[in-house]
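Novice: Pasting in a structure now, in structure tokens, and then I'll have a few things to ask.
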Amino acid sequence: MYKVERQDSSRKAVYASPVCVSDEERSGGHASRRLKVLFVVEGYSDIRFVTGLSEICDLTMLVPAKQYRESGLDRRVLASGAKVRVDELEGGRLRFQTACFGYLWRHAREFDVILSQEILRGSLNSCLVGALFHKPVVTYMNVPPVQYFQCRRERRQNGWWRNLLGTTLIRFLVWCNAKLATRCVAVGPYMAEVAARHCARVSMGYAYGVDTEFYRPAEESEKPRLRSRLDLPADKFLILSGSRVSHEKDPETVLRATSMARAQGLDAVVLNLGGGYQDFLRLAEDMALPGAKEWVLGRPAAHPMSELADYYRAADVVAQASLDEGAGMTTMEAVACGVPVVCTAVGGMALIMPEHVRLTPRRDAEAMAQQFLWIAAHRAEAVAQALRGREYVSREWSRKRAFASLAEVLASVALVNQERANG
């Protein structure tokens, strides 16, 4: 089992945030202020995490300019009104690494805590500078790095030599960062177990949680209106595949399963929402599935804070097939909307809520097709299972809990660091 670090409840934190400090602590005679946190992003991030983080601290983000703009996160941050300063660094990987180290060297002392995304190259800069300047560094793990990289080998994207070299480098970076980081926050029980193999101080995190007021069930009478407004087929069995096309995902199984279910009489269509939806459409064409152009649909990613929930509610089922998976936030958002979920029994999806989703073996299209058919034939029972999942998500994976938990970790490491500095 991984060891979860907890803040000593007998201490009164000097640092405060709206979600983690009680009225008693605020009135205890200790001056409190919002933590100054630098969030170092090495790739892409999610607007839900950024807005939530901005609510619990005085936030500065250090981002690679190309990914920040390409993903549309720059526009989403601006539109959200979040109180966050964003410093963008230009250039590819090597130039970003160099510029990132220089930025941290110049500015690390201005912050109470450095929060660093994942536990690879970006975090190495954070951990090295944090150790030199005695600043606490919290690494935040959303994905299992070695396991995700091995998926490239499974897909034959990497030869044996590149796979060996890449795996060795990843393991080295993980080892270094695990030794240097003050704390590692890992999303969900699967990621916590992965992190605990390397890190001595692990806390379980909840990513951005699920806003169950936004992700809510729809009445059956609402679905026709939703499909009409979203321009979706009114009379089809709608399978929603909301994940991007990436090496650790398994869109081939979703497509094959849909084709098999159609061959057995289910009038199904599958819709992919994501930045790589065109790749999804090309994949269906390359697989030469019968009549795929008629039943494989794709659209750009929907905004997760204003649009995505309606797509869940309009669907008959959400399908998530993966070769490996950190937590599977898509599956939790779906059941929060009362929508049945079929997903692969891997990683966090197998551990977090196995009683509330329909699990299938890895790369087993026939098993997934049978689950589609079962849901179509047992609609009330499938929805009831999803609604029990909503209760679980509301209790264990709420947005409030996600950021209260993170706020506690940040305040705890900042407090310990201050106590050490004061001798």
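Novice: Out of the residues in segment 392-423 that are without any contact (Cβ under 8 Å) to a residue 60 or more places away in the chain and more than 19 Å from GLY348 (Cβ to Cβ), which is surrounded by the fewest Cβ atoms within 10 Å (Cβ to Cβ)?
Specialist: Top of the filtered list is GLY423.
Novice: Scanning segment 13-42 for residues that are assigned to a loop (DSSP other than H, G, I, E, B) and exposed (fewer than 15 other Cβ atoms within 10 Å of the Cβ), which turns out modelled with the highest pLDDT?
Specialist: So, considering only residues that are assigned to a loop (DSSP other than H, G, I, E, B) and exposed (fewer than 15 other Cβ atoms within 10 Å of the Cβ), the one modelled with the highest pLDDT is ALA31.
Novice: Can you tell me which residue in segment 311-340 is farthest from ALA192 (Cα to Cα), limited to those that are aliphatic (A, V, I, L, M) and in contact with a Phe, Trp or Tyr (Cβ under 6 Å, 6 or more places away or on another chain)?
Specialist: If we take residues in segment 311-340 being aliphatic (A, V, I, L, M) and in contact with a Phe, Trp or Tyr (Cβ under 6 Å, 6 or more places away or on another chain), then VAL339 is farthest from ALA192 (Cα to Cα).
Novice: Inside segment 81-106, can you point out the residues that are crowded, with 16+ Cβ neighbours inside 10 Å and assigned to a helix (DSSP H, G or I)?
Specialist: Within segment 81-106, PHE96, GLN97, ALA99, CYS100, TYR103, LEU104 meet the criteria.
Novice: Name the residues in segment 209-227 that are within 19 Å of HIS303 (Cα to Cα) and either in contact (Cβ under 8 Å) with a residue 40 or more places away in the chain or polar (S, T, N, Q) (or both), would you?
Specialist: GLY209, VAL210, ASP211, THR212, PHE214, TYR215, ARG216, PRO217, ALA218, LEU226, ARG227
Novice: Continuing with the same structure: ALA380: assigned by TED's automatic domain parsing to the domain that holds ASP267, under 18 Å from PHE237 (Cα atoms) and free of Cβ contacts under 8 Å to residues at least 12 places away in the same chain, yes or no?
Specialist: Yes: the conditions hold for ALA380.
Novice: THR344 is checked against (1) β-branched (Val, Ile, Thr); (2) out of contact with any helix residue (DSSP H, G or I) (no Cβ under 9 Å at 6 or more places or on another chain); (3) more than 29 Å from GLU55 (Cβ to Cβ) and fails just one. What number does that condition carry?
Specialist: With (1) β-branched (Val, Ile, Thr); (2) out of contact with any helix residue (DSSP H, G or I) (no Cβ under 9 Å at 6 or more places or on another chain); (3) more than 29 Å from GLU55 (Cβ to Cβ) applied to THR344, the lone miss is (2).
Novice: Where residues in segment 125-137 are in contact with a helix residue (DSSP H, G or I) (Cβ under 6 Å, 6 or more places away or on another chain) and of a type in the set (A, V, I, L, M), which of them is surrounded by the most Cβ atoms within 10 Å (Cβ to Cβ)?
Specialist: VAL137
Novice: Going by the structure shown, is ASP279 of a type in the set (Asp, Glu), touching a Phe, Trp or Tyr at 6+ places or on another chain (Cβ under 8 Å), surrounded by fewer than 21 Cβ atoms within 10 Å (Cβ to Cβ) and free of Cβ contacts under 8 Å to residues at least 40 places away in the same chain?
Specialist: Spelling it out, it is not the case that ASP279 is of a type in the set (Asp, Glu), touching a Phe, Trp or Tyr at 6+ places or on another chain (Cβ under 8 Å), surrounded by fewer than 21 Cβ atoms within 10 Å (Cβ to Cβ) and free of Cβ contacts under 8 Å to residues at least 40 places away in the same chain.
Novice: Would you mind finding the one in ALA181, ALA195 that is in contact with a Ser or Thr (Cβ under 6 Å, 6 or more places away or on another chain) and either within 24 Å of GLY130 (Cα to Cα) or surrounded by fewer than 19 Cβ atoms within 10 Å (Cβ to Cβ) (or both)?
Specialist: Just one listed residue meets the conditions, ALA181.
Novice: A follow-up question, please. Of everything in segment 248-259, what is of a type outside the set (Lys, Arg) and either touching a Cys at 6+ places or on another chain (Cβ under 7 Å) or buried (at least 19 other Cβ atoms within 10 Å of the Cβ) (or both)? Give them in sequence order.
Specialist: GLU248, ASP250, PRO251, THR253, VAL254, LEU255, ALA257, THR258, SER259
Novice: A follow-up question, please. If you go through segment 297-309 one residue at a time, do you hit one that is surrounded by 21 or more Cβ atoms within 10 Å (Cβ to Cβ), outside any helix (DSSP H, G or I), of a type in the set (A, V, I, L, M) and at pLDDT below 95?
Specialist: There is no residue in segment 297-309 that is surrounded by 21 or more Cβ atoms within 10 Å (Cβ to Cβ), outside any helix (DSSP H, G or I), of a type in the set (A, V, I, L, M) and at pLDDT below 95.
Novice: Given the condition among the hydrophobic types (A, V, I, L, M, F, W, C), modelled with pLDDT under 95 and within 20 Å of the chain's Cα centre (by Cα), answer yes or no: does some residue in segment 356-373 qualify?
Specialist: no
Novice: Okay, moving on. Select from segment 47-70 the residues that are of a type in the set (D, E, K, R) and at pLDDT 95 or above and write down the one among them that is surrounded by the most Cβ atoms within 10 Å (Cβ to Cβ).
Specialist: Of everything passing the filter in segment 47-70, ARG48 is surrounded by the most Cβ atoms within 10 Å (Cβ to Cβ).
Novice: Does at least one position in segment 338-349 carry a residue that is more than 22 Å from GLU248 (Cα to Cα) and loosely packed, with under 15 Cβ neighbours inside 10 Å?
Specialist: no
Novice: Just to be sure, is ALA288 in a loop (DSSP other than H, G, I, E, B), assigned by TED's automatic domain parsing to the domain that holds ARG390, in contact with a strand residue (DSSP E or B) (Cβ under 9 Å, 6 or more places away or on another chain) and surrounded by fewer than 18 Cβ atoms within 10 Å (Cβ to Cβ)?
Specialist: no
The values are calculated or read from the model by the stated rules, or taken from the named source; none is laboratory data. If you're wondering where the values come from, they're calculated on a predicted model, not measured in any experiment. Using ideal geometry, Cβ is built from the backbone for each residue, glycine included, and neighbour counts are taken over all protein chains shown.
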